[in-house]
Amino acid sequence: MSGKKPKNPLAAVKARVIAGDVVVNPDVVQEAYDDFGWYDPEIRKCLLKLNDRYYYRDRLRNHLYKFEEHWRYPEENTYIDFYRAHKIMDGESVFTHLYVREATTTVIVNSFKELYK
C-alpha cells in the first residue's frame, strides 16, 4: 500500500457519483446485497464516505488504498483504485475498487464486498 494519493482523486470521484456519472456493475450490486443487504443507492452513499487520509495514523477511521494499472486497459493509462474501509457505514467494513477510463468521466465500480481482516 502506498502513501501516495489514489490515481483517481476522491474529490473527482465523489463529484461524479453525485452527478450520477457512475456505473455499479450488476455483479457488484449482487456482491453488496449478499454481504450487506445493500443496493445501488447504498453503494453510492458509501462511496461518498470514503477518505484518503493516512491509514497508519488511525486504521479504523482512515481508508487504506492502493492503485494499480488496469489489466484490460493498460494502453489507456487507466488505473484501478482499491480501498479498504473499516466500519464506514452502518458498522460495515468494505473492500471496493473502482476506476475511470482515460478520456472518460464515468466512475466504474467493479468490486464491492465485505472486508475481512
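Given H placed 1.01 Å from N in the peptide plane, which residues other than close sequence neighbours of W38 have an amide H under 5 Å from its amide H?
Y33
Please compute the length gained on full extension between K49 and N77, using 0.36 nm multiplied by the number of residues separating them and subtracting their Cα-Cα distance. Each step should come with its number before you reach the end.
Details: separation 28, 0.36 × 28 = 10.08 nm, distance 2.63 nm.
Stretched out fully, the K49 to N77 stretch lengthens by 7.5 nm.
When all C-alpha to C-alpha distances in the range 18-69 are sorted into bins of 10 Å, what percent of pairs does each bin hold, rounded to whole numbers?
Binned Cα distances yield the sequence 22, 38, 37, 3.
Based on DSSP H runs of at least 4 residues, each adding -39500 (n - 2.57), what is the mean residue ellipticity at 222 nm of the chain after dividing by all its residues, to the nearest 500 deg cm²/dmol?
On the way: 3 runs with 29 residues, N = 117.
Using -39500 (n - 2.57) per qualifying helix, the result is -7000 deg cm²/dmol.
Rounded to the nearest 20 Debye, what is the dipole magnitude of the chain about its Cα centre when Lys and Arg each give +1 and Asp and Glu each give -1 at the C-beta? Walk me through the numbers before you get to the answer.
Details: 19 positive and 18 negative charges, 143 e Å.
Here the size comes out at about 680 debye.
In whole Hz, what ³J(HN,Hα) sequence does the range 17-26 give by Karplus (6.51, -1.76, 1.60; θ = phi - 60°), x for Gly and Pro?
Whole-Hz 3J(HN,Hα) from phi for the range 17-26: 4, 4, 6, x, 8, 9, 10, 9, 4, x.
Arrange the following residues from fewest to most other Cβ atoms within 10 Å of their Cβ: Y79, Y33, Y56, Y65.
Values: Y79 18, Y33 15, Y56 9, Y65 23.
Fewest to most other Cβ atoms nearby, the residues stand as Y56, Y33, Y79, Y65.
Quote the convex hull volume per residue of the range 50-117, based on C-alpha atoms, as a whole number of Å³.
Working: hull volume 6.6 nm³, N = 68.
Value for the range 50-117: 98 Å³ per residue.
Any aspartates and glutamates with Cα under 12 Å of the K7 Cα? List them, leaving off those in the same chain fewer than 8 positions away.
Leaving aside aspartates and glutamates fewer than 8 places away in the same chain, those within reach of K7 are D52, E68, E69, D81, E102.
Cβ neighbours within 10 Å, averaged per peptide: list 80-87, 13-20 in order, most packed at the top.
Answer by packing, highest mean first, reads 80-87, 13-20.
How far apart, in nanometres, would the label points at R61 and Y39 be if each is projected 7 angstrom from Cα along the Cα-to-Cβ direction?
So the two model labels end up 3.4 nm from each other.
Given S93, F36, N25, which one lies farthest toward the positive end of the charge dipole of the chain, if we put +1 on the Cβ of every Lys and Arg and -1 on the Cβ of every Asp and Glu?
About the Cα centre, the residue reaching furthest to the positive side is S93.
So if the hydrodynamic radius of the chain is defined as the Kirkwood radius over C-alpha pairs, what does Stokes-Einstein give as its diffusion coefficient at 37 °C and 0.692 mPa s, in µm² per second?
Values: Rh = 14.2 Å.
In µm²/s, the coefficient rounds to 230.
Throughout, read-outs are computed from the coordinates displayed, never taken from laboratory work. Remember, predicted model here, so these are calculated numbers, not experimental data. Glycine gets a Cβ as well: all are built from the backbone with ideal geometry, and neighbour counts include every protein chain shown.
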